[in-house]
Amino acid sequence: MRRSDVLIIGGGIIGVCSAYYLARHGLKVTLVEQNEICSGASYGNTGLIVPSHSFPISAPGVVAKGLKWLLNMESPLYIRFRFDIDLLAWLCKFWRSCTEENVKRSLPLLAALQRDSLSLFEQFACNGLKFGFQRKGTMTVFKTQQGFEESVKEAELLRKQGIEFEVLSEEEVRKKEPLVSESVIGGIYFPGDAHLDPAKFVLAIAEQVKQMGADIFTKSKVVGFEVKGRHVVSVQTTKGEHQADMVILTAGAWSPNLTRSLGVKLPIQPAKGYSITLYEPDRIPSIPLMLNEVRVAVTPIDGRLRLGGTLELAGLDLSINQRRLNAIRHGVEQYLLSIKCQREEVWCGLRPCTPDGLPIIGRPSKLDNLFIASGHGTLGVSLGPITGKIVALLVCGETVDWDLQLLSPDRFE
């Protein structure tokens with residue numbers, strides 16, 4: 001049996017960042033991952049750090065848009081309907097969360113967390129960590145006047161949170177990025193956003209964690225817990241048993257399955273996202289682009305071009321749906337000039353989504369030594385470092401600068 005101060009379950013960006021900041025506090029850290037480090041949602045995403053995208057996914061108007069998309073397998077949002085009580089309960093909570101009140105509560109917190117997380121990424125880069133970090137901003141481009149006008153109104157709300165932007169005409173968009181086609185009628189440039197190579201970052205942090213004395217066990221799946229009273233006494237894995245003073249759950253979309261046996265219900269649904277990485281493209285944008293109406297992101301990553309998007313609620317299913325990939329390709333063709341490449345890599349990953357669009361960070365009331373950091377949805381990379389820092393501060397009993405009541409694991413009960 002192995003003993004440590006902290007046991008972390010999950011080797012994505014939230015897990016390795018939590019391990020990093022906990023190790024910096026001098027704690028003995030063990031991390032277990034059911035596959036390999038960075039093998040899940042942290043691997044193939046678009047690598048965006050986007051304070052400009054601080055609106056929760058559950059907002060007014062989302063349900064109406066979603067209903068239009070539901071019957072179209074190639075739409076930005078697709079739900080594979082099935083008899084699943086957890087999914088139905090999640091959809092009900094999601095529907096109730098699509099309010100102005102939820103936006104007013106969530107937007108200031110998400111914007112603050114994203115800004116602070118961006119500062120931490122900058123610190124890593126300034127300290128010599130190589131992960132393709134670039135702060136060039138992002139540009140959202142539009143094909144419809146309605147989408148353009150709605151997004152400008154949302155951007156004004158972001159400005160109140162300290163997030164600056166520039167509204168660009170059709171000509172100004174193409175001057176900033178000539179790869180944009182004539183179908184685009186305008187754009188919004190957010191100079192404060194950044195991007196990176198997500199896999200490089202996660203693997204680099206994991207290597208630093210090992211150099212700081214932490215133990216990392218891959219291919220080590222959690223198969224059970226021993227609980228006495230209000231404490232998790234031990235965690236059984238396929239590679240042996242672990243004991244720790246504190247257990248940190250950062251298992252993303254797999255978190256609800258693990259907490260169920262502990263009597264803790266997490267309303268997290270796996271939202272499948274897809275990406276297509278183009279190797280040696282013949283042309284590449286200078287900054288990341290958001291294709292608004294089709295909800296596709298286009299990110300230049302170290303000479304490659306990554307196209308990513310879609311939300312598919314289909315359970316813990318990692319099969320590749322070619323129609324979803326074709327929707328991304330078709331979406332890109334509507335906004336950008338033709339791009340050719342030498343080869344492609346297609347990928348899908350499961351993003352853990354809560355019904356109110358906010359992550360879960362904190363201790364559930366039923367257990368004293370379990371800490372949950374999950375449910376980051378599409379903002380896992382963007383919020384990775386700040387989540388790890390918060391986890392370490394709370395575990396070590398230190399003061400945090402954020403009001404985290406909105407992120408409580410018990411808020412859905």
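None of the figures in this text is laboratory data; all of them are computed from the coordinates on show. If you're wondering where the values come from, they're calculated on a predicted model, not measured in any experiment. Note that we place each Cβ from the backbone using ideal geometry, even for glycine, and neighbour counts take in every protein chain shown.
So the values come out like this:
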quantity: In region 192-210, residue nearest to TRP347 (Cα to Cα) [restricted to those that are surrounded by fewer than 21 Cβ atoms within 10 Å (Cβ to Cβ) and touching a Ser or Thr at 6+ places or on another chain (Cβ under 9 Å)]; calculated: ALA199
quantity: Every pair of residues 6+ apart whose Cβ atoms lie under 6 Å, when the first sits in region 34-51 and is more than 14 Å from HIS376 (Cα to Cα) and in contact (Cβ under 8 Å) with a residue 12 or more places away in the chain while the second is among the basic types (Lys, Arg) and part of a loop (DSSP other than H, G, I, E, B); calculated: GLN34/LYS221
quantity: Per-region count, region 372-406, residues of a type in the set (A, V, I, L, M) and within 15 Å of the chain's Cα centre (by Cα); calculated: 5
quantity: Sole residue being of a type in the set (D, E, K, R) and within 27 Å of the chain's Cα centre (by Cα), chosen from GLU172, GLU226, GLU166, GLU182; calculated: GLU166
quantity: Candidates ILE268, ILE248 - the one that is buried (at least 22 other Cβ atoms within 10 Å of the Cβ) and in contact with a Phe, Trp or Tyr (Cβ under 7 Å, 6 or more places away or on another chain); calculated: ILE248
quantity: Scope region 328-346; condition in a loop (DSSP other than H, G, I, E, B) and of a type in the set (Gly, Ala, Ser); matching residues; calculated: SER338
quantity: Residue within region 291-308 that is crowded, with 21+ Cβ neighbours inside 10 Å, among the aliphatic types (A, V, I, L, M), over 15 Å from GLY44 (Cβ atoms) and under 17 Å from the mean Cα position of the chain (by Cα) present; calculated: no
quantity: Whichever residue in region 354-413 is of a type in the set (Phe, Trp, Tyr) and part of a loop (DSSP other than H, G, I, E, B) and, among such residues, is farthest from VAL202 (Cα to Cα); calculated: PHE412
quantity: Residue ranges of strands (runs of 3 or more DSSP E) in region 248-327 with at least 3 members touching a helix residue (DSSP H, G or I) at 6+ places or on another chain (Cβ under 7 Å); calculated: 269-279, 304-313
